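Enquirer: First the structure, then my questions, so here it is.
The values are calculated or read from the model by the stated rules, or taken from the named source; none is laboratory data. These numbers come from a predicted model, not from an experiment. Reconstructed Cβ throughout: ideal geometry from the backbone, glycine too, with neighbour counts over all protein chains shown. Accessible surface areas use protein heavy atoms only, side chains included; no ligands, DNA or RNA. Shrake-Rupley method; radii C 1.70, N 1.55, O 1.52, S 1.80 Å.
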Amino acid sequence: MSDEAYRLTSPDGSEMELPVRKGTLGPDVIDVARLYREQRVFTYDPGFVSTGSCESDITYIDGEQGILMYRGYPVEQLAEHSSFIEVSYLLLHGELPTGAQLEAFDNTIRMHTMLNEGMLSFFKGFRYDAHPMAMLSAVVGSMSAYYHDEMDASNPEHRDIFSHRILAKLPTIAAAAYKLNIGQPFIYPRNDLNFTENLLHMLFAVPAEPYEIDPVAAEALDLLFILHADHEQNCSTSTVRMAGSSGANPYSAIAAGISALWGPAHGGANEAVLNMLEEIGDVSQIGKFVEKAKDKNDPFRLMGFGHRVYKNFDPRATIIREMCYRVLQKLDRKDTPLFDLAQELEQVALKDEYFIEKNLYPNVDFYSGIIYKALGIPTSMFTVMFALGRAVGWTAHWREMISDSKTKIARPRQLYTGPAGRDYVLVDKR
Ligand code: CMC
């Protein structure tokens, strides 16, 4: 808290001081909590472009400088030296683990990968072609029906058990959804494998023959999960916090976050990018699609471009572009038409006045789909992959929200624009 304040003069001339609060980094915030009580006005900010909804110690983003840090550590350093499991510990507990803590945490996650057998029967009820995000959200929501025994949100031990279950069981649920889609038997987890190896095993192994895990694929997924692990108060994370603020069961709050992530303006963009690149098809068509994206009368947008916060570059996109190149090389792909097309599209857009003026740069979703595709992961599973990385961020935010004494039920206000009051008219008189 600082002594600085904004002075607000109301139309009737009365004055009010709005305190300014300072974080460790980033813009100050004007604390408007007393505004309605004292002035009888609300603030109005559709999409929360200028509104902070909470205090948070977890993630810092500087959209102008292209900086992303988890608990103060730059994502570039974590991407180079850490692992997804270590980053998960960091996000959940606030500090990097010691060797012993890391081993214990890794072991705990490995030991929680199985689902209650009853949950598997849900998958028999879904249509074979159900979108895996629909199944993920539904089955995670149903965890509140299976794992309610140890879910007293005021108990830190229960909060840990919840966190471990979310992190460990989501890959198992995701893989079961995929197996349903392709008509193959569900593959049980193997706890001798690490997080990403186990995911690849559950996605691609079949009972009829041995499956060899490609270390390049496991490493690439681990890095992608690190880059997706958290992104402060984005749409899905805010959804988790909002749902959780009512005291709702946290598994349901995570299910709400999964639903929010699915939209094409958010995590669904990685699937939309791949579909867009396939629709563009050839570099000769790029100009036509860029013109469509600029046309105000055309709803088409360049998917994977633009970001609410990053107005310079998305640091995740830079790492992913580099990794995309490395993965394709390691997989010995000589023919990389989608990657070539994406790079050319990026170049054309970055030189275009429209994209320059509006600060539209490739975001995290622009290149990730090309890597997923190279690893054999189908397009419909791309947003599920995003969810597997982001789930730990949602969980860290839920933990922070529920243990913050300042948390109130999230309840925005509105500017009412409907009829100003009228009398009911009986149906035969209308
Ligand atoms: N293609 C063409 N025009 C665009 C694009 C785009 N991808 N993105 C924004 N614009 C234009 C938009 O039409 C608007 O123009 P004007 O000011 O003339 O009305 C201006 O740029 C600002 O756009 P906005 O929608 O007001 O900006 P926002 O901060 O509300 O939205 C966004 C950010 C990410 C939703 C948007 O850039 C977008 O729809 N991008 C495509 C979808 C996408 O890639 N989403 C993934 C985001 S990163 C990962 C994640 O969050 O999950």
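Enquirer: What number of residues in segment 135-186 are open to solvent by 40 Å² or more (accessible area, probe 1.4 Å) and of a type in the set (Gly, Ala, Ser)?
Expert: Going through segment 135-186 one residue at a time, the tally reaches 4.
Enquirer: Can I ask one more? When only residues in segment 1-30 that are over 22 Å from Ile58 (Cα atoms) and of a type in the set (Asp, Glu) count, which is surrounded by the most Cβ atoms within 10 Å (Cβ to Cβ)?
Expert: Per the stated criteria, the residue is Glu4.
Enquirer: Considering segment 279-288 alone, what residues qualify as being farther than 21 Å from Ile356 by Cα and within 14 Å of the ligand (Cβ to nearest atom)?
Expert: Within segment 279-288, just Ile280 meets the criteria.
Enquirer: What's the number of the only condition in (1) within 16 Å of the ligand (Cβ to nearest atom); (2) closer than 24 Å to Leu221 by Cβ that Leu341 fails to meet?
Expert: (1)
Enquirer: Sticking with this structure for a sec: What helices (runs of 4 or more DSSP H) lie completely within segment 97-148 and have 2 or more residues being closer than 27 Å to Arg71 by Cβ?
Expert: Passing ranges, in order: 99-111, 132-146.
Enquirer: Further question on the same structure: Residue pairs, Cβ under 7 Å, 6 or more apart or interchain, first in segment 289-305 and near the ligand (Cβ under 10 Å from one of its atoms), second open to solvent by less than 40 Å² (accessible area, probe 1.4 Å) and in a strand (DSSP E or B). List them.
Expert: Gly304/Pro362; Phe305/Pro362
Enquirer: Hey, can you tell me all the residues within segment 54-70 that are assigned to a loop (DSSP other than H, G, I, E, B) and at pLDDT 95 or above?
Expert: So in segment 54-70, the residues assigned to a loop (DSSP other than H, G, I, E, B) come out as 54-58, 63-66.
Hits for segment 54-70 are Cys54, Glu55, Ser56, Asp57, Ile58.
Enquirer: Taking Ala33 as the residue in question, decide whether it is surrounded by fewer than 14 Cβ atoms within 10 Å (Cβ to Cβ), modelled with pLDDT of 95 or more and not hydroxyl-bearing (Ser, Thr, Tyr).
Expert: no
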